[in-house]
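See structure below.
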Amino acid sequence: MKYIAILMMFLFSVQQPEIKLLEINAEWNKRNDVKLSTLPKEYNGIPIKKDYALLENQAPSLKASINAVPVIILIIDGKLKSQWTADLSFELKLDKEDVIKALDWHFKSYTGTAGSTIVTPKRRKTSNQ
């Protein structure tokens, strides 16, 4: 009976990580909002919370750190893990696959098979041999 009680305590103490996607955009750029509904709703059974914020309502330190809007920030357990920023057209093209790749990369790091960052930079192919 003691072993069953210990097993029950262990099972209930394991918590799922909190995953959040936060979009920050400026009031003047609302026409280029990312459709958060097109991004994944869950990852391996873990719900993904989605939030939206206006740049004008943020702290000055955060405003200074954002160079282009919109920006999508991936937050896992309260820590910034990855972000995607708009290009020169002030549009952000982000799809489900990009988010899933970042989440896969992060959760592989729990098992020790990933690097220290979530999204590795893409290398350009060169014709030099």
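Nothing in this text is a laboratory measurement; each read-out follows from the coordinates by a stated rule. Every value quoted in this text rests on a predicted model; they were computed, and no experiment measured them. For neighbour counting, all protein chains shown are included, and Cβ atoms are generated from backbone atoms with ideal geometry for every residue, glycine included.
Can you check what the net charge comes to around Ser82, using other residues whose Cβ is under 13 Å from the Cβ of Ser82 (Lys, Arg +1; Asp, Glu -1)? Write down the numbers at each step before the final one.
On the way: positive: Lys20, Lys79, Lys81, Lys101; negative: Asp98, Asp104.
Once all neighbours under 13 Å are counted, the net charge is +2.
Give the residue list of trypsin sites (Lys or Arg not before Pro) in the range 1-108 that are DSSP loop and have at most 15 other beta-carbon atoms within 10 angstrom.
On the way: sites: Lys2, Lys20, Lys30, Arg31, Lys35, Lys41, Lys49, Lys50, Lys63, Lys79, Lys81, Lys93, Lys96, Lys101, Lys108; in loops: Lys35, Lys41, Lys93.
Passing both the DSSP loop test and the Cβ count: Lys35, Lys41, Lys93.
Evaluate E = 1/(1 + (r/R0)^6) for Phe90 and Ile46, where r is the Cβ-Cβ distance and R0 equals 30 Å; express this FRET efficiency to the nearest 0.05.
Values: r = 31 Å, r/R0 = 1.04.
Efficiency, rounded to the nearest 0.05: 0.45.
Given R₀ = 35 Å, FRET efficiency for Glu27-Tyr3 by Cβ-Cβ distance, to 0.05? Display every interim value, and only then the final one.
Working: r = 59 Å, r/R0 = 1.68.
For R0 = 35 Å, the calculated efficiency reads 0.05.
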